[in-house]
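Here's the structure, in structure tokens; my notes come after.
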Amino acid sequence: MLSTLDLKNTYEEQGYAVARQLFTPDEVIFLREHYMQLRVQGPRPGDLVGVDAISEDPLKRYPRMIHMHHWDQVSLRWLLDERLNHLLTLLSGQELYAVQTMLYFKPPQARGQALHQDQFFLKVQPGTCMAAWLALDQCDEANGCLQVVPASHRWPVLCTTRADTSLSFTDVTVPLPPQQEIHPVLMEPGDVLFFHGSLVHGSLPNTTYDRFRRALIGHYITGNAEQVTAFMQPILRMDGSVVTLDVSEPGGPCGVWVEKDGQPVIEMSGSETTLTFRSE
Ligand SMILES: O=C(O)CCC(=O)C(=O)O
């Protein structure tokens, strides 16, 4: 694993960093089995779509779960895990609050999620959000590993456009300049990818016929935040106690790409009026 200093330098330069083997093989097996069991037991509050065991769409057989920590102690314990807290605090340089859990099953042949910035959805003001993305399977390009745009954490929130819903289960994405590098993040089970709320990221479909790409994700907001979207309530300190913050409103200014001296630059001349998809 990278030293904590290397992790922090990488995070500051690139907007993301991978802590290798932060969770043990036994923990990963336990979590994988736990969520598979929860999923086959039927629908859960906040499911992206209802569970339909005979659907042709793999995402309807294994829909993403969200906010499991509201009703599942295993998820709550994981969200507040001291290893995550330690690295989140180190990378961001401040205390964080926990707001969201998600479990992506991404079964064989499932669509991915178009490139986006989490801060577009969470609307943390001031400050930002951060994610801890734990790989529960080997993640590579064939099964739709996460992809990131290195150093895009320095960009403001971009105005969104329509995504290709044959590749993505969400319908919004962000435009990128031509030739923009998009980097696949290859991970082993137990690795945790930490990333900044403005980092552009997403994933392509799982093209395999026999491999899931499961990930357990925690979302956090920086401790200087005064506002966050209503959907993120209740907001938890990392000791589990509740913090009260104001609710941020949808909409607001967003960045658009323009050309200046032959180079793509972002101008804050756009405005997000409608939100077509509630959660990232
Ligand atoms: O796991 C994925 O494919 C996408 C996850 C994601 O975009 C997120 O955690 O914000």
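Each reported figure results from applying straightforward, stated rules to the coordinates on display, with no laboratory input. All values reported here derive from a predicted model rather than from experimental measurement. Backbone-built Cβ (ideal geometry, glycine too); neighbour counts: all protein chains shown.
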Checklist entry - Which length gain, in nm to one decimal place, applies between R77 and K60 when the Cα-Cα distance is subtracted from 0.36 nm times their residue separation? => result 3.4 nm
Checklist entry - With labels modelled as points extended 7 Å from the Cα through the Cβ direction, what inter-label distance (nm, one decimal) is found for H183 paired with T24? => result 3.1 nm
Checklist outcome for this item: Toy charge model, Lys and Arg Cβ at +1, Asp and Glu Cβ at -1: the range 198-277 dipole around Cα centroid in debye, rounded to 20, equals 480 debye
Checklist entry - When the dipole is taken about the Cα centre of the chain, and only Lys, Arg (+1) and Asp, Glu (-1) are charged at their Cβ, what size is it in debye, to the nearest 20? => result 460 debye
Checklist outcome for this item: With a ≥ b ≥ c from the Cα gyration tensor eigenvalues, square-rooted, and the rule rounded for a/c under 1.5, otherwise prolate when a/b > b/c and oblate otherwise, the chain is rounded
Next on the checklist: Going by average Cβ density within 10 Å per residue, which order do the peptides 97-105, 162-170 take, highest to lowest?
Outcome noted: 97-105, 162-170
Next on the checklist: Order 237-250, 128-141, 3-16 from most to least packed using the mean count of other Cβ atoms within 10 Å.
Outcome noted: 128-141, 3-16, 237-250
Item to check | Spatially proximal aspartates and glutamates relative to K123 (Cα-Cα < 16 Å; intrachain offsets below 8 disregarded) | outcome: E226, D246, E249, E272, E280
Checklist entry - How high is the relative contact order of the chain, given as a whole-number percent (alpha carbon pairs under 8 Å, six or more residues apart)? => result 25 percent
Checklist entry - Could you work out the helix-only [θ] at 222 nm for the chain, with each DSSP H run of four or more residues adding -39,500 (n - 2.57) and the total divided by the number of residues, to the nearest 500 deg cm²/dmol? => result -5500 deg cm²/dmol
Item to check | Inter-label distance, nm, simple model (7 Å from Cα along the C-beta direction), Q94/D171 | outcome: 3.5 nm
Next on the checklist: What lysines does K60 reach when the alpha-carbon gap must be under 21 Å and sequence neighbours fewer than 8 apart in one chain are set aside?
Outcome noted: K106
Checklist entry - Sorted by packing (mean other beta-carbon atoms within 10 Å per residue), highest first, where do 28-38, 220-230 land? => result 220-230, 28-38
Checklist entry - Does the range 55-112 classify as rounded, prolate or oblate by the C-alpha gyration tensor (a ≥ b ≥ c root eigenvalues; a/c under 1.5 gives rounded; else a/b over b/c gives prolate, otherwise oblate)? => result prolate
Item to check | All lysines inside 17 Å of K260 as judged from Cα atoms, apart from same-chain residues fewer than 8 positions distant | outcome: none
Item to check | Inter-site label distance for D261 and Y209 at 7 Å from Cα along Cβ, in nm | outcome: 5.4 nm
